[in-house]
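The structure under discussion appears below in the form of structure tokens.
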Amino acid sequence: MTTPTNEFAVVTGASSGIGFELARQFAEHGYDLLIAAEDDAIEQAAAGLRRDGRNKVIAVRVDLATYEGVEKLYAAILETGRDVDALALNAGRGIGGGFVDGTELADELNVIAVNVTSTVHLAKRVIPGMVHRDAGRVLFTSSIASTMPGTYQAVYNASKSFVQSFTEALRAELNDSNVSITSLMPGPTDTNFFHRAEMDDTRVGAGKKDDPAQVAKQGFEALMKDREKVVAGSARTKAQDAMSKVLPDRAKAEMHRKMAEPGSASSD
């Protein structure tokens, strides 16, 4: 039996978008990979990440909205017999529309299950092993949405606020260890997110978005440098984050209304 020479990374939500581009960053830097997503495109993603036999890529199709799904993914990690050197907790989804009459309860609870519950669940399974070895890197995909009330995306923004707070708390708890915790905070990015969230008719859904490859590259570099967080993407996104830091919540909620209100794309 040969001893693996590559480091080993686990990336969730890796079939497309930011997750796939994060996995690509790890692959290009010589990592073996275990990637996970709920759709069958994860197999195609794995094929695209294999680098002429220089790295191993395992694809796991799993629904992280369920307890059983997270446990299945963790079992697949254990089955490799590898220590996890890097963990990118990227899986997430959103839903747009008015909370009272524009969304379904099942969708809102699914957002919480994927964005919040599965993130805590998998972190609880994997990070203790890193702490025991006193080595490892963890990247949480948060969002600049975590910094503002999400008018017409009330549950999504709240879920990302949870992730951001959770990430910063873990970083503080593990400050004296060699386990690094980094928050990736993208703005609107050119992925399937807004279509799946039924937000194609919103100003943010129809508007210009950042390149997921750029976002992932900035996130990967921040993780390798042990940065606390990175607002990733274009100068426009970084400016939006800077403005968010000085605006009161009421003003941020109104700004978000203009971006996310159903039908707002047609008002431009």
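The values are calculated or read from the model by the stated rules, or taken from the named source; none is laboratory data. Everything numeric in this text was worked out from a predicted model, so none of it was measured. Cβ placement follows ideal geometry from the backbone for every residue including glycine, while neighbour counts extend to all protein chains displayed. SASA here: full protein model, heavy atoms, side chains in, ligands and nucleic acids out. Shrake-Rupley method; radii C 1.70, N 1.55, O 1.52, S 1.80 Å.
Among the numbered conditions (1) assigned to a helix (DSSP H, G or I); (2) in contact (Cβ under 8 Å) with a residue 60 or more places away in the chain, the only one that residue 95 does not meet is (1). Taking segment 216-245 as the range and being part of a helix (DSSP H, G or I) and of a type in the set (Gly, Ala, Ser) as the test, the residues that pass are 216, 219, 222, 235, 239, 242, 244.
Considering (1) out of contact with any helix residue (DSSP H, G or I) (no Cβ under 8 Å at 6 or more places or on another chain); (2) at pLDDT 95 or above; (3) open to solvent by less than 70 Å² (accessible area, probe 1.4 Å), the lone condition that residue 225 does not fulfil carries the number (3). Has segment 64-75 got any residue that is within 24 Å of residue 178 (Cβ to Cβ), modelled with pLDDT of 95 or more and assigned to a strand (DSSP E or B)? Checked against the condition, which is being within 24 Å of residue 178 (Cβ to Cβ), modelled with pLDDT of 95 or more and assigned to a strand (DSSP E or B), segment 64-75 yields no hits at all.
One residue is enough: does segment 246-262 have a residue meeting the conditions buried (at least 20 other Cβ atoms within 10 Å of the Cβ) and assigned to a strand (DSSP E or B)? No: segment 246-262 contains no residue that is buried (at least 20 other Cβ atoms within 10 Å of the Cβ) and assigned to a strand (DSSP E or B). Condition check for residue 25 on (1) within 25 Å of residue 145 (Cβ to Cβ); (2) among the polar types (S, T, N, Q); (3) assigned to a loop (DSSP other than H, G, I, E, B): one failure, at (3). Taking the conditions (1) free of Cβ contacts under 8 Å to residues at least 60 places away in the same chain; (2) closer than 29 Å to residue 151 by Cβ; (3) β-branched (Val, Ile, Thr) in turn, residue 70 satisfies each one other than (2). At least 3 residues being surrounded by 15 or more Cβ atoms within 10 Å (Cβ to Cβ) is the threshold, and among the helices (runs of 4 or more DSSP H) wholly inside segment 120-215 those reaching it are 154-173, 203-206. Yes or no: residue 249 on the phi > 0 side of the Ramachandran plot, out of contact with any Gly (no Cβ under 9 Å at 6 or more places or on another chain) and of a type outside the set (Phe, Trp, Tyr)? When the stated conditions are applied, residue 249 does not pass them. Within segment 21-34, the set of residues being touching a Phe, Trp or Tyr at 6+ places or on another chain (Cβ under 8 Å) and of a type in the set (A, V, I, L, M, F, W, C) comprises 22, 26, 33, 34. Scoring residue 242 on the criteria (1) at pLDDT below 95; (2) among the hydrophobic types (A, V, I, L, M, F, W, C); (3) open to solvent by less than 30 Å² (accessible area, probe 1.4 Å) leaves a single failure, condition (3). Would you mention how many residues in segment 46-65 are open to solvent by less than 50 Å² (accessible area, probe 1.4 Å) and under 25 Å from residue 117 (Cα atoms)? Of the residues in that region, 5 qualify. Note on segment 127-159: residues that are in contact (Cβ under 8 Å) with a residue 24 or more places away in the chain and either within 20 Å of residue 104 (Cβ to Cβ) or among the hydroxyl-bearing types (Ser, Thr, Tyr) (or both) amount to 14. Looking at segment 16-25, can you tell me whether even one residue there is of a type outside the set (Val, Ile, Thr), on the phi > 0 side of the Ramachandran plot and open to solvent by 60 Å² or more (accessible area, probe 1.4 Å)? Looking through segment 16-25, none of the residues is of a type outside the set (Val, Ile, Thr), on the phi > 0 side of the Ramachandran plot and open to solvent by 60 Å² or more (accessible area, probe 1.4 Å).
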